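Structure first, commentary second.
No value in this document is a laboratory result; all are computed from the given coordinates. The shown structure was predicted, so the numbers you read here are calculated from the model rather than taken from an experiment. All Cβ positions, even for glycine, are placed from backbone atoms using ideal geometry, and neighbour counts span all protein chains on display.
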Amino acid sequence: MSDWLLGLIALVLGVALVVAGIHRYRTGRAFLASAQRVPGMVTGIHRVETTDSYEFFPVLRFRTLEGAEVETVGQTRGGSYELTRLKGTAVPVLYDPRNPRTARMDTSSGRGLAGSLGMAAIGAVFAVLGIVMLLLMAA
């Protein structure tokens, strides 16, 4: 593979990761700005099959501030071992008051902000690497 192509791939991948990370960060901040925090419980694990593996999400049960009982699949991805240990455990839950079925555990990973910024940072490294490679090839 030519160095030009490798540099271009690194640049495009980097920019895509930066854009995706910023989008996830902004979406997460918007959710947190309107979310309600209530006590809840992890009642199970929801397994989703992907192309080559599985993703695991907690099943959360909580009562909204209006008193409605909700059980839903949380948006926070986790490892099967971690979520199995949490099954039956009380956890703080953040939910969207306009759609209480949109909920996540109120943890650092549940908030998703650190992961989003990490994704953007890794993307920035790839983008800079791609730019440097392309500039070196042009020289």
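Quick notes on this structure:
- Cα-based helix-to-principal-axis angle, 113-138 vs the chain, degrees rounded to 10: 10 degrees
- 0 to 90° range, to nearest 10: angle between helix 3-34 axis and the chain longest Cα axis: 30 degrees
- Order of Met105, Met133 under a 10 Å beta carbon neighbour criterion, fewest first: Met133, Met105
- FRET E, pair Ala16, Val59, Förster distance 41 Å, beta-carbon r, rounded to 0.05: 0.80
- Neighbour-count ranking [beta-carbon atoms within 10 angstrom, fewest first] of Leu11, Leu129: Leu129, Leu11
- Per the Kirkwood formula applied to alpha carbons, the stretch 55-124 shows a radius of gyration over Rh ratio, Rg over Rh, of 1.03.
- The dipole here belongs to the chain: it is taken about the Cα centre, uses +1 on the Cβ of Lys and Arg and -1 on the Cβ of Asp and Glu, and is about 440 debye.
- Sorted ascending by nearby beta carbons within 10 Å, beginning with the fewest, Met137, Met119 become Met137, Met119.
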